[in-house]
Amino acid sequence: MEPETHPYRSVLYMPGSKERALEKARGLPADALILDLEDAVSPAEKPRARDLVAAALAAGGYGSRRLILRINGLDTEWGAADLAAGSKAGPDAILLPKAERPEDIQRAAALMEAHGAPERLRIWAMIETPRGVLGAGAIAAAHPRLEGFVLGTNDLAKELGAAHTPGREPLLASLGMTLLAARAEGLVCVDGVHNTLQDDAGLRAVCVQGRDMGFDGKTLIHPAQIAITNEVFAPAPAELDLARAQVAAFGAAEARGEGVAVIDGRIVEYLHVATARRLLARAAAIAALASAGAAPEERKP
């Protein structure tokens, strides 16, 4: 699947230093995995984690899940080696932490090309600081390799001095600004994590909030969060029924030489049909991913 049609409902962080976790991830129903070399790995384990992740990527077996490698910052002692290894190991994307300016993306892209990274290898950026939020528009347009944003809401809340509230009111302005920047450039945009485990109601509430805002999906800290997230970020049957009806009614209206249709007293214009078609395409992409399951997919560095 092309990046713009692949679903990103559930994007699960997996610690790169844990062989068992990297193995388990091959069978989890997440749409994408972030193989983490940064926050989830202690400084002493970072070189070993880099090697483990490179070996896991080489071994494959992750099916159609998107594989995103989060490296350490390029201003750290590990970042350059992480990027060099990732450029050759065969993930789908490199995730840059704490992106704050276009030059961060451009520098990473230049290094990737110097290391012979394939053209298909994308860049994702974490927006997790005030400067990153304020610069999100320029960052989003920084380079053709850039494919998506990930909200780092824990770091962002820390930097803002904001409270963690159930409705995330202190973060809504930052979430909206980042999402606007992503959509202006056609990027994927994935919401931040829900920190509380064994909190299905709370998880569902923030998933609904993120979905209604327009996020493509949510980053997760535990496999137990996948099912609810996948459910909430997938189109509901009633939504799909309406979308099909809108497409059919508008097609019939066009055949009569008319520019609008009416369903149950509501006008259907082209903008509604465009939204309906995107929804149907999203459902088809989710179905295709589910059908592919854990079937291995060749990944060439």
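Remarks
- Integer Hz, Karplus 6.51/-1.76/1.60 couplings in order for the range 270-281, x for Gly and Pro: 4, 4, 5, 5, 4, 5, 4, 5, 4, 5, 5, 5
- Extent along principal axes [Cα atoms of the range 237-283; Å; largest to smallest]: 30, 19, 14
- Cα shape, the range 10-234, gyration tensor, a/c 1.5 rule: oblate
- In a reduced charge model with +1 at each Lys and Arg Cβ and -1 at each Asp and Glu Cβ, the chain shows a dipole moment near 380 debye about its Cα centre.
- The C-alpha atoms of the chain define a longest principal axis, and helix 172-184 lies at about 80 degrees to it.
- Computed 3J(HN,Hα) for the range 58-63, one whole-Hz value per residue from the Karplus formula 6.51 cos²θ - 1.76 cosθ + 1.60 where θ = phi - 60°, is 5, 6, x, x, 8, x, glycine and proline marked x.
- Of the residues Ile71, Leu35, Pro47, the one whose Cα sits farthest towards the positive end of the charge dipole of the range 11-141 is Leu35 (charges of +1 on Lys and Arg Cβ, -1 on Asp and Glu Cβ, taken about the Cα centre).
- Environment charge at Arg131 (Cβ cut-off 13 Å; Lys +1, Arg +1, Asp -1, Glu -1): -4
- In degrees, nearest ten, helix 79-89 long axis to first principal axis of the chain (Cα): 60
- The range 153-216 shape via C-alpha gyration tensor axes, a/c threshold 1.5: oblate
- Relative contact order (%) - criterion: Cα under 8 Å, at least six apart; region: the chain: 20
- Total formal charge among the other residues, if their Cβ is under 14 angstrom from that of Leu83, Lys/Arg +1 and Asp/Glu -1: +1
- Between helix 102-114 and the chain there is an angle of about 70 degrees, using the helix long axis and the longest principal axis of the Cα atoms.
- Projected-area mean, the range 109-198, by convex hull of Cα positions, square nanometres: 6.9
- Helix-only [θ]222 nm of the chain, DSSP H runs n ≥ 4, -39500 (n - 2.57) each, per residue, nearest 500: -14000 deg cm²/dmol
- Amide H partners (placed H, <5 Å) of His194, local residues excluded: Ile221
- For Lys218, the residues whose amide H sits under 5 Å from its own are Ser10, Val11, Asp191, ignoring neighbours fewer than 5 places away on the same chain, with H placed 1.01 Å from N.
- Exceeding the 23 Å Cα-Cα cut-off - candidates Lys24/Lys46; Lys46/Lys88; Lys98/Lys158; Lys46/Lys218: Lys46/Lys218
- Taking the centroid of alpha carbons for each part, the range 1-75 and the range 133-182 are 22 Å apart.
- Diffusion constant of the range 52-118 at 20 °C, which comes from Stokes-Einstein with the Kirkwood Cα-pair radius and 1.002 mPa s, µm²/s: 174
- This model, with +1 at the C-beta of Lys and Arg and -1 at the C-beta of Asp and Glu, gives the range 60-173 a dipole about its Cα centre of some 300 debye.
Values quoted throughout were computed directly from the atomic coordinates according to the rules given, and no laboratory measurement underlies them. Computed from a predicted model, the values in this text were never measured in an experiment. Don't worry about glycine lacking a Cβ; one is built from the backbone with ideal geometry, like all the others, and counts go over all protein chains shown.
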